Amino acid sequence: KDYYRRFYTASNMILVVGSPLPVDQVMEWVNDEFGRAPAESPPYFPVTPEPVPFSVRKLETQGETSTTYYSIRFSTTDLMSSDLYALDLIDFILTNGEDSVLVKDIVDDKKLAYSVSSSSYTPTFSTGYFDISFDLDRDQCDTVRACVFDHLQRIANGDIDDGMIARAKKQKLAEDIFSIATIEDRISRIGMGYLYT
């Protein structure tokens with residue numbers, strides 16, 4: 001309740017309306033709802049930056065599963081970095097689709113894992129991470145890790161087919177277009193844009 005009262009205030013909200021309603025009517029409703037709220041500055045939200053890791057960190061847990069879930073995660077950059085877009089493309093090159101690098105090599109050809117996925121996540125308040133996750137048998141973890149690092153080293157050395165980059169760009173653009181198919185998607189995109197800026 002304390003968190004709600006502190007952060008869910010008019011000064012800490014962005015209201016985006018997508019509708020054929022008259023602007024004057026919407027403004028009247030907004031003023032009725034939010035105009036009564038006391039004028040105050042947005043709450044201060046101190047965030048301690050994630051320190052740069054100086055060694056490998058490992059976490060292992062056990063549970064009732066039929067396979068092993070194995071994840072390799074790398075610290076990345078903040079939201080304002082130009083490297084953000086390259087990370088999105090690497091995500092698509094590595095695991096998006098049947099022709100992606102890790103799907104073809106580790107899942108299809110070498111049969112070291114049952115599935116693979118990756119993601120690049122960057123919050124607004126700190127640095128992000130790049131994650132590559134596998135569903136595999138436990139005894140394959142070291143082999144898979146070596147394969148992943150081999151592929152990443154090749155990408156870092158520029159040893160990557162231009163066709164893969166072009167395909168990843170098309171896939172990312174298509175994902176972006178499909179993510180704004182409805183009015184709800186579009187107004188959400190506008191709201192997030194305000195938050196980021």
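The values are calculated or read from the model by the stated rules, or taken from the named source; none is laboratory data. Here the structure is a predicted model, which means the values were calculated and not measured. Note: ideal-geometry Cβ built from the backbone for every residue, glycine included; neighbour counts use all protein chains shown. Just the protein is used for accessible areas: all its heavy atoms, side chains included, with ligands, DNA and RNA removed. Shrake-Rupley method; radii C 1.70, N 1.55, O 1.52, S 1.80 Å.
Annotations for the structure displayed:
- Residue list for region 157-197, given a label point 7 angstrom along the Cα-to-Cβ vector of Asp99 and an amide N cut-off under 18 Å: 160-175
- Here the accessible area is traced with a 1.4 Å probe on the protein chains. For region 66-183, carbon and sulfur cover 53 percent of it.
- Anchor Lys104: lysines whose Cα lies under 26 Å away (excluding residues fewer than 8 positions away in-chain): Lys169, Lys170, Lys172
- Our summary gives the chain a relative contact order of 24 percent, counting only alpha carbon pairs under 8 angstrom and 6 or more residues apart.
- Accessible area of Arg186 in the full protein assembly, 1.4 Å probe (Å², nearest 10): 130
- Here Ser66 sits with roughly 120 square angstrom of accessible surface, probe radius 1.4 Å.
- Residues whose amide H falls under 5 Å from that of Ser115, counting only those 5 or more places apart or on a different chain, are Asp135, with hydrogens built in the peptide plane.
- In terms of accessible area, using a 1.4 Å probe and ignoring ligands and nucleic acids, Leu152, Leu94, Leu195 rank largest first as Leu195, Leu152, Leu94.
- Dividing the summed helix terms, -39500 (n - 2.57) for each DSSP H run of n ≥ 4, by the number of residues in the chain produces a 222 nm estimate of -12500 deg cm²/dmol to the nearest 500.
- Cα pair distances exceeding 23 angstrom across region 114-197, given as percent: 47
- Taking all protein chains together and rolling a 1.4 Å probe, Thr124 ends up with roughly 80 Å² accessible.
- Simple Cβ-charge dipole of region 68-197, Lys/Arg +1 and Asp/Glu -1, about Cα centre, in debye nearest 20: 220
- Furthest towards positive pole of dipole, Phe92, Asn31, Leu15, structure part the chain, Cβ charges: Asn31
- Stretched out straight at 0.36 nm per residue, the stretch from Leu15 to Asp150 would grow longer than its current Cα-Cα span by 43.9 nm.
- Listed by chain and number, the aspartates and glutamates whose alpha-carbon sits under 20 Å from that of Lys110, ignoring those within fewer than 8 places in the same chain, are Glu98, Asp99, Asp135, Asp137, Asp139, Asp142, Asp150.
- Along region 38-48 the Karplus relation, 6.51 cos²θ - 1.76 cosθ + 1.60 evaluated at θ = phi - 60°, assigns HN-Hα couplings of x, 6, 8, 6, x, x, 7, 10, x, 10, 7 Hz to successive residues, with x for each Gly and Pro.
- Trypsin sites (Lys or Arg not before Pro) lying in DSSP loop within region 10-77, provided at most 14 other Cβ fall within 10 Å: Arg36, Arg57, Lys58
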